[in-house]
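> Quick one: structure below, then a few questions.
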Amino acid sequence: MLEAFKAIKEKHLEAKRIIDEATAEAEKIKQEAAQRESSVYEEAYGAALRQTEQKIVEVKRKTAEEAEHELEKLLSQAEERAKEIEAKAEKNFQKAVTAVLNMILH
Amino acid sequence: MESTRAITEMILQEAQKTAEHIIQEAQKTAEETLEKQRQLGVHRATTTTRLLLKKAESEAELNKLNSIANAKIKANWVILSKKETWIDNALNEAKNELTILTQSKEYISILEKLIKEAGVILGGKELEVLLNKQDSKLPLKLDELAKAISEKTGFKTKLRLSAEKPNVIGGAIVRTANGKVIMDNTFDDIFKRREKDLRSEIAKILF
């Protein structure tokens with residue numbers, strides 16, 4: 001009977017040791033997590049910022065492309081308009097000169 | 001003996017289970033803590049990045065609008081300067097044709113008309129006529145012109161050709177004998193006086 005109590009007591013002690021070790025391990029896990037809190041925060045913050053920087057580059061590139069497209073359109077319209085002006089002016093040139101002479105002489 | 005072994009095994013099993021539970025709970029808490037920090041980081045970044053993105057979008061849009069506005073101004077300027085060049089060309093051509101006209105027979109009557117107009121505007125009396133070197137040699141009927149001016153103004157008029165020879169395309173400058181009042185009816189001055197109207201008329205016809 002005494003042997004049995006002794007055995008049970010030993011196992012109790014062993015069980016306590018196991019739980020103590022686990023508690024210590026748990027405390028260590030929590031402490032490590034606490035130490036990593038700030039770096040995890042910064043990493044998440046930094047990753048989001050980097051993602052946004054890429055988005056910003058993309059936005060700028062897209063807007064610049066749109067502007068380029070608009071500029072090409074404008075240039076082409078201006079060239080077209082200039083050609084029209086040239087053609088009209090060439091056609092009506094003598095008429096304009098005659099009108100000037102009439103205004104000066106009459 | 002068997003029951004003792006069963007009890008001790010149970011004690012150890014329970015202890016193991018408890019230990020595992022403690023560690024699992026700690027891991028769970030640690031993960032939750034880190035996840036919370038991750039979420040906080042993302043949340044703070046979201047506010048910042050939203051502002052950065054909005055600012056970048058506004059700046060990019062503004063740059064785009066500026067580029068387009070500048071290009072429009074430039075394009076308009078190119079077109080405008082092209083038009084101005086054509087207007088200048090038309091004016092220069094008109095001056096050339098006037099120069100040619102001064103060599104023709106019809107020019108004498110035009111010149112006489114310009115002298116008469118100027119004389120009437122000045123109100124007649126003693127007047128001096130200034131012509132360029134070439135026109136000074138033309139056979140102008142100054143007495144007849146003076147008579148016509150007298151009739152128009154009601155004042156006896158005398159026209160005298162000045163020795164002064166202005167450097168002009170054609171036309172005449174007429175001034176009172178004392179030189180105080182001058183009527184410039186040279187082509188050059190008519191061009192200058194009417195330049196705005198001329199340019200406007202040319203533009204209407206050309207474009």
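Values quoted throughout were computed directly from the atomic coordinates according to the rules given, and no laboratory measurement underlies them. Note that this is a predicted model, so its numbers are computed, not measured. Cβ atoms come from the backbone with ideal geometry, glycine included; neighbour counts cover every protein chain shown.
> Report the charge-dipole magnitude of the protein assembly as shown in Debye, nearest 20, computed about the Cα centre from +1 at each Lys and Arg Cβ and -1 at each Asp and Glu Cβ. Before the final figure, lay out each step's value.
Working: 55 positive and 54 negative charges, 536 e Å.
Taking the Cα centre of the protein assembly as shown as origin, the dipole is about 2580 debye.
> Same structure, new question: Could you give the radius of gyration (one decimal) and Dmax (whole number) of the Cα atoms in chain B, in Å?
Looking at chain B, its Cα Rg and Dmax stand at 49.2, 163 Å.
> Counting DSSP beta bridges in the protein assembly as shown, what percent are antiparallel, to the nearest 5?
Details: 9 of 13 bridges.
That works out to approximately 70 percent antiparallel.
> A follow-up question, please. How many angstrom lie between the Cα centre of segment A:64-106 and the Cα centre of segment B:49-117?
So the two Cα centres are separated by 9 Å.
> Taking chain A as a Gaussian network, Cα atoms linked when under 10 Å apart, which of A:75, A:13, A:49 shows the biggest mean-square fluctuation?
Judging by the Gaussian network model, the answer is A:13.
> P(r) of the protein assembly as shown in 20 Å steps, Cα pairs, percent per bin?
20, 21, 15, 13, 11, 9, 7, 4, 0
> Only Cα pairs within less than 10 Å get springs; with that Gaussian network setup on chain B, which residue of B:185, B:89, B:66 has the largest fluctuation?
Sorting by GNM fluctuation, first place goes to B:66.
> What's the average, rounded to a whole number, of partner chain beta-carbon atoms within 10 Å of each residue's beta-carbon in B:197-207?
Details: counts 2, 5, 1, 0, 5, 9, 2, 3, 11, 11, 6.
Counting other chains' Cβ atoms within 10 Å and averaging over B:197-207 gives 5.
> Roughly how tilted is helix A:2-105, in degrees to the nearest 10 and between 0 and 90, from the longest Cα axis of chain A?
0 degrees
> Convex hull volume of the Cα atoms in chain A, per residue, in Å³? Before the final figure, lay out the partial values.
Numbers: hull volume 13.7 nm³, N = 106.
Hull volume normalised by residue count: 129 Å³.
> Can you pull the mean other chain C-beta count within 10 Å for peptide A:73-80? Mind showing how you got there, number by number?
Details: counts 2, 6, 4, 0, 2, 9, 3, 0.
Averaged over the peptide's residues, the number is 3.
> Using Cβ contacts closer than 10 Å as the measure, can you line up B:155, B:191 from fewest to most? If you can, show how the numbers build up before the last one.
Numbers: B:155 13, B:191 19.
Listed from fewest to most nearby Cβ atoms, that is B:155, B:191.
> In degrees, nearest 10, range 0 to 90: what is the angle between the Cα axis of helix B:195-206 and the longest Cα principal axis of chain B?
Relative to chain B, helix B:195-206 is tipped by roughly 70 degrees.
> Work through the residues other than residue A:55 whose Cβ is under 14 Å from its Cβ and net out their charges, Lys, Arg +1 and Asp, Glu -1. Let's see the in-between values first.
Values: positive: A:50, A:60, A:61, A:62, B:50, B:54, B:55; negative: A:53, A:58, B:57, B:59.
Charge balance in the 14 Å sphere: +3.
> Averaged across the residues of B:84-95, what count of C-beta atoms belonging to other chains lies within 10 Å of each residue's C-beta?
Values: counts 0, 1, 8, 3, 0, 4, 10, 3, 1, 6, 9, 4.
Neighbouring Cβ atoms belonging to other protein chains average 4 per residue here.
> What residues qualify as long-range amide H neighbours of residue B:170, i.e. H under 5 Å apart, gap of 5 or more or another chain, H built at 1.01 Å from N?
Residues meeting the criterion, in which the H sits 1.01 Å from N, are B:187, B:188.
> Okay, moving on. If amide H atoms are built 1.01 Å from N in the plane of the peptide, which residues on other chains or at least 5 residues away come under 5 Å of the amide H of residue B:158?
Residues meeting the amide H criterion: B:125, B:126, B:127.
> While we're on this one: How long are the semi-axes of the equivalent ellipsoid of segment B:1-74, taking √(5λ) for every eigenvalue λ of the Cα gyration tensor, in whole Å from largest down?
Output for segment B:1-74: semi-axes of 69, 8, 4 Å.
> For B:47, B:186, which order do you get if you count the other beta carbons within 10 Å of each Cβ and list the fewest first? Don't jump to the answer; show the numbers that get you there.
Details: B:47 9, B:186 22.
Result, fewest neighbours first: B:47, B:186.
> So if the hydrodynamic radius of segment B:123-207 is defined as the Kirkwood radius over C-alpha pairs, what does Stokes-Einstein give as its diffusion coefficient at 37 °C and 0.692 mPa s, in µm² per second?
Numbers: Rh = 14.3 Å.
The diffusion coefficient I find is 230 µm²/s.
> Nothing charged except the Cβ atoms of Lys and Arg (+1) and of Asp and Glu (-1): what's the magnitude of the dipole of segment B:54-207 about its Cα centre? Round to the nearest 20 debye.
It comes to approximately 220 debye.
> Ok, one more. Can you give the local net charge around residue B:75? Use residues other than it whose beta-carbon is closer than 14 angstrom to its beta-carbon, Lys and Arg +1, Asp and Glu -1. Display every interim value, and only then the final one.
Working: positive: A:73, A:81, A:83, B:72, B:74, B:82, B:83; negative: A:70, A:72, A:79, A:80, A:84.
Taking every other residue near residue B:75 into account, the sum is +2.
> Sticking with this one: Find which of B:169, B:119, B:56 sits farthest along the positive direction of the dipole of segment B:35-169, computed with +1 on the beta-carbon of Lys and Arg, -1 on that of Asp and Glu, about the Cα centre.
B:56
> What do you get for the angle between helix B:106-122 and the principal long axis of chain B? Use alpha-carbon atoms, 0 to 90 degrees, nearest ten.
Approximately 90 degrees, to the nearest 10.
> Please name which of B:130, B:15, A:75 has its Cα lying farthest along the dipole of the protein assembly as shown towards the positive end, using unit charges on Cβ (Lys, Arg +1; Asp, Glu -1) and the Cα centre as origin.
B:130
> Put +1 on the Cβ of every Lys and Arg and -1 on every Asp and Glu Cβ in the protein assembly as shown; which of A:96, B:65, A:54 then has its Cα farthest towards the positive end of the dipole?
Positive-end residue among those listed: A:96.
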